[in-house]
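Presented below is the structure to which this report refers.
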Amino acid sequence: MLTGKTVLLGVTGSISAYKIPNLASALVKLNANVEVIMTKNAAEFITPVTFETLTKNRCLTETFDRADVSEVKHIALAERADVILIAPASANIIAKMAHGIADDMLSTTLLAARCPVLVSPAMNVNMFKHPSVQDNLKILEKRGVKVIPPDSGYLACGATGEGKLPPEQTLLDYILREIAKQKDMAGKKVLVTAGPTRESLDPVRFITNHSTGKMGYAVAKQAMLRGADVTLISGPVSIAPPPFVKVVNIQSARELFEAVSGCFEETDCVVMTAAVADYTPEKTSTEKIKKSADGSDLTLSLKRTEDILQWLGRHKRENQLVCGFSMETENVLENSRAKLEKKNADLIAANSIKDEGSGFGTDTNHLVLITKENVTDLPLLSKEDAADRLWDALIK
Ligand code: CTP
């Protein structure tokens, strides 16, 4: 994922520096070239050897490093980096960055850097809240530096409050958002629906389907990585939402319709991956369920839920794109083409529930992308890669 990218990690003096080797290791596993600069104080908490072993690069701590005379190290590193993350960022480095002080390897390199810079403050709660730290962070933000808000909780100094370094995964998410993909969807507002819907029969039982939400979550994540502003409207699922995505939780088809139609106006593109329960019980049926407490048989009367994709197709403006999914058991192409037409969609991503590696709960999918002009039969791909190919087709 990060082949050809260089991530420069700046590590300063805080006990939470112990988390950064895990981050470096995760980045190396994603094929990034990871360079690390530690301040002298950071080297009191963990050793440069830890980073050198994980990254296979020399970990720098001194301004005047004499190991490599072929380049001016701080300038070369600043130029090589695609992104710089300062984590943990002490009050001291934040102040130096804000005021242009360059008195060691890390602060000197930062002055020469032109790539995006992320700062993850970690310190005692009172230090973090001190007006000088807050003012310095505001100065940095004004210059385009992204400040990762610290977590709240029990701090190593014994205090409780804001100042904890976020988990390694959160730091990785910030780096990935910055450099994992080209920002070819920047400025686009997209809406993705995912997961199943539930139609309540009574307070205990409901009608639903086997959707896990994996495909829709992948569609939302790839759009976010490509720079889009993403809203994910999700039915009940048990997977974690992608970072940096606005999530709206819904249960029923009616709630889904209200959520989608409520923000359709300001959306450039909607992708409906939600497996909408096609039927909901009539009121008479829910009353019958109450009366059947004696154990007698029951015949339910179900009505169709509103076809949301069709509503979107009918109400879309020029330049607004609407994409649906179609999960078929047979006649995949024929049925999906009929759905493209009936729902006035711009694209239908069809998949066969019978295909090996496709369908509910798998990590892969075999999609056929159908537009009025083209049919593109994609190979079996990870849901992330399939989502990327779907966006390629939609935004081109
Ligand atoms: N869909 C929708 N509203 C519904 C049912 C489906 O918006 N009430 C959307 C789904 O999110 C999907 C597309 O329509 O993007 C096709 O869904 P699918 O279940 O394959 O088809 P249906 O339209 O429900 O038709 P059928 O179940 O008869 O195949």
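The values are calculated or read from the model by the stated rules, or taken from the named source; none is laboratory data. Computed from a prediction, not measured in an experiment: that's the story for all the values here. Cβ: placed from backbone, ideal geometry, glycine included. Neighbour counts: every protein chain shown. Note: areas computed on protein heavy atoms with side chains; ligands, DNA, RNA excluded. Shrake-Rupley method; radii C 1.70, N 1.55, O 1.52, S 1.80 Å.
Here are the numbers for this structure:
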| read-out | value |
| --- | --- |
| Cα Rg over Rh - the stretch 6-179, Kirkwood | 0.94 |
| Within-14-Å neighbourhood charge of residue 3 [Cβ basis; K, R +1; D, E -1] | +2 |
| Mean Cβ count within 10 Å, highest first, over the residues of peptides 51-61, 186-196, 104-114 | 186-196, 104-114, 51-61 |
| Listed residues 337, 177, 205, most fluctuating in the chain (Gaussian network, C-alpha, under 10 Å) | 205 |
| Accessible surface of the stretch 189-395, 1.4 Å probe, proportion on carbon and sulfur as whole % | 48 percent |
| Whole-number accessible area per residue in Å² for the stretch 81-183, which is evaluated in the context of all protein chains at 1.4 Å | 44 Å² |
| Angle between the chain longest axis and helix 332-342 axis [Cα atoms, degrees, rounded to 10] | 80 degrees |
| Positive-end residue of 234, 348, 51, charge dipole of the chain with Cβ unit charges | 234 |
| Sequence-separation-based contact order of the chain, relative, with Cα cut under 8 Å and 6+ spacing, percent | 11 percent |
| Most to least accessible of 183, 383, 129 (protein chains only, probe 1.4 Å) | 129, 183, 383 |
| The stretch 189-395: projected area of the alpha-carbon convex hull, averaged over directions, in nm² | 12.1 nm² |
| Over the stretch 134-210, volume per residue of the alpha carbon convex hull, in Å³ | 242 Å³ |
| Environment charge of residue 161, counting only residues whose C-beta is closer than 13 Å and scoring Lys/Arg +1, Asp/Glu -1 | 0 |
| Hz values of 3J(HN,Hα) by residue in the stretch 101-117 - Karplus curve (6.51, -1.76, 1.60), Gly and Pro given as x | 7, 10, 10, 7, 4, 5, 5, 5, 4, 4, 5, 8, 7, 10, 7, x, 10 |
| Calculated diffusion of the chain, Stokes-Einstein form, Kirkwood radius summed over Cα pairs, 20 °C and 1.002 mPa s, µm²/s | 90 µm²/s |
| Label-point gap, in nm, between residue 76 and residue 303 - each point 7 angstrom along Cα→Cβ | 7.3 nm |
| Cross-link partners of residue 138 among lysines (Cα-Cα below 24 Å; sequence separation of 8 or more within a chain) | 96, 129, 146, 164 |
| Cα-based shape type of the stretch 251-370, given that a ≥ b ≥ c are square roots of the gyration tensor eigenvalues and the cut on a/c is 1.5 | oblate |
| Those trypsin sites (Lys or Arg not before Pro) in the stretch 275-317 that DSSP places in a loop and that have at most 11 other beta carbons within 10 Å | 317 |
| Two-site FRET efficiency, residue 287 against residue 341, from Cβ-Cβ distance with R₀ of 30 Å, rounded to 0.05 | 0.20 |
| Restricting the stretch 345-396 to GluC sites (Glu not before Pro) in coil, as DSSP defines it, with at most 15 other Cβ within 10 Å | 356, 373 |
